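Taking it in order: structure first as structure tokens, then the write-up.
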Amino acid sequence: MSTTYDTADAPVAEKESQQERHHRLRWVVLGVLALAQLMVVLDATIVNIALPHAQASLGFDNADRQWIVTAYALAFGSLLLLGGRLSDLWGRKVTLIIGLVGFAVMSAVGGAAVNFEMLVAARAGQGVFGALLAPAALSLLTTTFTDPAERGRAFGIFGAIAGGGGALGLLLGGMLTEWADWRWCLYVNLVIAAIALVGAVLFVGSHKAEHRPRLDIPGVVTVSLALFSIVYGFSNAETNGWGDWATITWLIAGAVLLATFVWLQSRTDHALLPLRVVLDRTRGGSYLVVFIAGIGMFGIFLFLTYYLQQNLGFSPIRTGLAFLPMIGVLIVTATTSTGVLLPRFGPRWLMSAGMLIAAGGMVYLTQITETSSYATDILPALIIMGVGLGASMAPAMQGAVSGVSSDDAGVASATVNTMQQVGGSVGTALLSTIAASSATGYLTEHASHVVNPTVLAQLAAVHSYTTAFWVAAAVFAAGGVIAGLVVRSGKLPAAPDGAPAMAH
């Protein structure tokens, strides 16, 4: 009897020992996941700074330039839900490693690009592997940290990276372009991926779903096509306007396909995105906040970057440095809000207050003129928005994956990234179109009053930025109202089957 007991019990004891070891290394795992997330978020903005230099090097025209950004956004945005479900199927560690290796390879191809087509293909490849990487990282974070207080701190750090990574991309892109070469804006991913890969292999434990779900092929096809159509439609609107037939066609097709996807999910037992994930009020409200924050954040990064460089004469590096105070405040606020405030008060009023504070920061920015000072007219607004985004984004990311079973953690995480990515595409197109129309209207109205064409152009540009800031402020304010109305009060729910399983 004793021999049988020892033999049967040994693997259990060994498994428990491995779990204890991985639990001790959970903060190291957070560092690995944060690097993976940072790489994905950086790539949305770091290449923007390098675009003029890449254009001069490879010889493509202005009309083609948008495809360097759009190719990444299309592949990433349209495949995120598939990537999330694949992480549930293959195991999150395996999916994370595949994503890291593939992203690094595509970055190397892009850095070595000899023509426009090669660079666009590499950027699309980055989007494909980013769609594997991002949901795997967030779902691993969800299943690694089970203690509420520790999970709050972990999500605070992760949310700060999601909210501030775009600004870091502007700084890093400016430094690499100015001090090295535009190709290093892509090669830098090899360094980040190598460090994260070593950490993933050594410290991240293996984990697969208890019950291996089947892949919902009709759902994969319809939602991928729907998200592609929506992202492409908004990208086309940015270039050709909302009245263009292609814009209208793509957006209508996207809406129809999305409705078809929802209908299919309600009728299948192995849904790609089970409706129980999004119909919960806390998770649904959190997804909406992430989506709205994605729209509004582009009002900060896009137009404030234009203003700092074109109106105040900042260099790319100085522009990136100008955003650092916001990132610092965002990190402090995100870790404090999720680690201290969220466990006590729950996500509802935290997200709502954060969105409204961010709206106040955008309103502050609407007061800029062509002769404004960074210290008095921009820095206070950035600090206010750092507080607002930190208080809303990190709790929203935690709320969006709260209460899901470990089997749904991957697709719930993917939905967060999808909302942020589609929100960014909507924000870029919407705010760019509004700004362009505002500038045109200002030029027409004041052409007879301002004699100097250069001065008139500067006034029109500043007017277009402030108009975009007003719209972004309204978007953030709407997010605050939605969070207050939709999200349930009280603490975050636990998973249906208890605390989520440890990733190891």
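The values are calculated or read from the model by the stated rules, or taken from the named source; none is laboratory data. All values reported here derive from a predicted model rather than from experimental measurement. Ideal geometry is used to build each Cβ from the backbone, glycine not excepted, and the neighbour counts take in all protein chains shown. SASA here: full protein model, heavy atoms, side chains in, ligands and nucleic acids out. Shrake-Rupley method; radii C 1.70, N 1.55, O 1.52, S 1.80 Å.
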Among Gly243, Ser432, Leu82, which residue has its Cα furthest toward the positive end of the charge dipole of the chain, with +1 on Lys/Arg Cβ and -1 on Asp/Glu Cβ? Leu82
As a test question: what accessible area, to the nearest 10 Å², does His446 have when a 1.4 Å probe is rolled over all protein chains in place? 50
List, in order, the whole-Hz ³J(HN,Hα) value for each residue of the range 379-394 obtained from phi through the Karplus relation with A = 6.51, B = -1.76, C = 1.60 and θ = phi - 60°; use x for Gly and Pro. 4, x, 5, 5, 5, 4, 5, x, 5, x, 5, x, 6, 10, 5, 5
Give the span of the range 321-392's Cα atoms along each principal axis, as three whole-Å numbers ordered largest to smallest. 44, 21, 11
Give the shape of the range 119-229 as rounded, prolate or oblate, defined through the alpha-carbon gyration tensor: a ≥ b ≥ c are the square roots of its eigenvalues, a/c under 1.5 means rounded, and otherwise the shape is prolate if a/b is larger than b/c and oblate if not. oblate
Which whole number in µm²/s is D for the range 196-284 by Stokes-Einstein, with the Kirkwood Rh taken over Cα pairs at 20 °C and 1.002 mPa s? 137
Determine the gain in length on full extension of the stretch Thr444-Trp179; use 0.36 nm per residue of separation and subtract their C-alpha separation, reporting nm with one decimal. 91.3 nm
With the cut-off at 1.5 for a/c, could you classify the range 61-138 from its C-alpha gyration tensor as rounded, prolate or oblate? oblate
quick shape note, the chain: Cα extents on principal axes in Å, largest first -> 100, 51, 45
Using θ = phi - 60° and Karplus 6.51 cos²θ - 1.76 cosθ + 1.60, couplings along the range 110-116 (whole Hz; Gly, Pro as x): x, x, 8, 4, 9, 8, 4
By accessible area of protein heavy atoms, probe 1.4 Å, what ranking do Phe158, Phe291 get, highest first? Phe291, Phe158
Any chance you could look up the accessible area of Ile383 with a 1.4 Å probe, heavy atoms only, rounded to 10 Å²? 70
Between Met118 and Val191, what is the FRET efficiency for a Förster distance of 30 Å, r being their Cβ-Cβ separation, to the nearest 0.05? 0.90
Taking Lys491, Lys93 and ranking on accessible area (1.4 Å, protein atoms only), highest first, one gets Lys491, Lys93
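Output needed for the range 97-137: three equivalent-ellipsoid semi-axes, defined as square roots of 5 times the C-alpha gyration tensor eigenvalues, in descending order, whole Å.
Result for the range 97-137: semi-axes of 20, 9, 5 Å.
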Once you have the Cα-Cα distance between Asp244 and Ala436, take 0.36 nm times their residue separation minus that, and quote the gain in nm to one decimal. 67.6 nm
Computed label-point distance, nm, for sites Arg344 and Trp263 using a 7 Å Cα→Cβ extension: 5.0
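Give the ranking of Glu370, Glu117 by solvent-accessible surface, highest area first, calculated with a 1.4 Å probe.
The most accessible residue leads, giving Glu117, Glu370.
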With all protein chains present, how much of the accessible area of the range 308-450 (probe radius 1.4 Å) comes from carbon and sulfur, to the nearest whole percent? 65
Highest to lowest packing among 73-79, 253-259, scored as the average C-beta count within 10 Å: 73-79, 253-259
Taking the Cβ-Cβ separation of Val332 and Leu89 as r and a Förster radius of 41 Å, what is the calculated FRET efficiency to the nearest 0.05? 0.60
With label points set 7 Å from each Cα along the Cα-to-Cβ direction at Arg488 and Thr369, the distance between them in nm comes to 5.2
Residue-wise, which Karplus ³J(HN,Hα) couplings in Hz belong to the range 355-366, taking 6.51 cos²θ - 1.76 cosθ + 1.60, θ = phi - 60°, and x for glycine or proline? 4, 5, 5, 4, 4, x, x, 5, 4, 4, 5, 5
In nm, to one decimal, how far is the Thr454 label point from the Val198 one, both placed 7 Å along Cα→Cβ? 5.2
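Based on the Cα gyration tensor of the range 353-476, what are the three equivalent ellipsoid semi-axes, each the root of five times an eigenvalue, rounded to whole Å and given largest first? Present the calculation step by step, with values, prior to reporting the outcome.
On the way: eigenvalues 274, 61, 15 Å².
They are 37, 17, 9 Å, listed largest first.
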Note the direction-averaged projected area, equal to a quarter of the hull surface, for the Cα convex hull of the range 46-198, in nm². 9.2
Can you tell me the mean projection area, over all orientations, of the convex hull of the range 355-410's alpha carbons? Units nm², please. 4.9
